[in-house]
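Asker: My questions will all concern the structure given below.
No lab work stands behind these numbers, since they all come straight from the coordinates. Remember, it's a predicted structure, so these values are computed and weren't measured experimentally. A quick note on method: Cβ atoms are made from the backbone with ideal geometry, for glycine too, and the neighbour counts reach across all protein chains shown.
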C-alpha cells in the first residue's frame, strides 16, 4: 500500500510530467526545423505549468465543495480534507490561470492574435472540467479535453509559436503525448470507479466499466509508441530513441493488466508519469538530432 508521502510524490510527478512533456516535444519539433526560440519555449512552459497547477486547484475546489472527495481513495485534497478554505483554493486556481493568460498573451501578440482564443478556451476547459453547474468531467468528457489541450494544443502550439508553422513531427508528437497524458487520467479514474459511482461522477471509466478502461489504458500507451515508429519511417530514425522508454511503460501496463484495484493503483500513476517524461525527453533528443 502506498504511503501518504508516495501519494504526494506521485501527484507532483504527474503534474510536472503533464506540464513539461508537451513543451519539450513541441520545442524539439521546432528545433528539427531550426526554429527553436528559447524565450518562447520558456513562456510556453510557464503557460503549461500554470494551467496544469491551476487545473489541479480548480478540481480540488470544485470536487471538495460538491462532496466528491468525501470517500476519496487517493491522496487527500485541500478542500476535501479541510486543510484549506475553499475560497483560498479557488483564488489560487485563478491566480494560476491569470499567470498563464499573461504569458500566453505575450506569445499571441508576438505570433498570431487568434492564439488568444485558443488560450481562453484552454482556461475555460481547465475550470469547467469539474467547475460550473454542469462540469464536463462528470460526463465522460475529461479524457477528450486532456487529449486536446495537454496533447494537441500544447505540443503543436509550442512548435507554432517558435516556428510559425505546424510540422508533421509536432503533430505526431502531440498525438503521442496526448495519448500518454490521457493514460494518466484513465488510470486515475480507473482507481476511483467505485467512489465516483457513489458520488455520481460519471467519468469515462465509470461509463466504460473496469475491463474496457484497462484496455483503453493499454491502447493509449501503444499509440504513443506507434507515433515514434511513424516518425522514424517518415522523418528520422533518431526518434527511435524514444523506444528506450518502453520498459518503463511496461511496468504500469503489467499492473493494469493484472486487475489491480483501489489504492494499489496509485504507483501506476507515478510509473506512467515517469514513462511519459522519459518518452518526451528521448523523443525531443531524437528530434533535435534530426
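Asker: Looking at 202, 251, 211, 191, which is the one that is more than 15 Å from residue 284 (Cβ to Cβ) and touching a strand residue (DSSP E or B) at 6+ places or on another chain (Cβ under 7 Å)?
Answerer: 202
Asker: Can you tell me which of 156, 144, 177 is closer than 21 Å to residue 56 by Cα and crowded, with 17+ Cβ neighbours inside 10 Å?
Answerer: On inspection, the qualifying residue turns out to be 177.
Asker: Assess whether residue 107 counts as being in a helix (DSSP H, G or I), under 26 Å from residue 32 (Cβ atoms), in contact with a helix residue (DSSP H, G or I) (Cβ under 6 Å, 6 or more places away or on another chain) and without any contact (Cβ under 8 Å) to a residue 40 or more places away in the chain.
Answerer: no
Asker: Next question. Here is a list: 241, 216. Which entry is closer than 13 Å to residue 187 by Cβ and either touching a helix residue (DSSP H, G or I) at 6+ places or on another chain (Cβ under 7 Å) or buried (at least 20 other Cβ atoms within 10 Å of the Cβ) (or both)?
Answerer: Only one candidate passes the filter, namely 216.
Asker: Let me spell it out: the conditions are (1) buried (at least 24 other Cβ atoms within 10 Å of the Cβ); (2) closer than 26 Å to residue 31 by Cβ; (3) touching a residue at least 60 places away in the same chain (Cβ under 8 Å), and residue 165 meets all of them except one. Which number is the exception?
Answerer: Status for residue 165: all satisfied but (1).
Asker: Taking residue 92, is it under 16 Å from residue 52 (Cβ atoms) and in a helix (DSSP H, G or I)?
Answerer: yes
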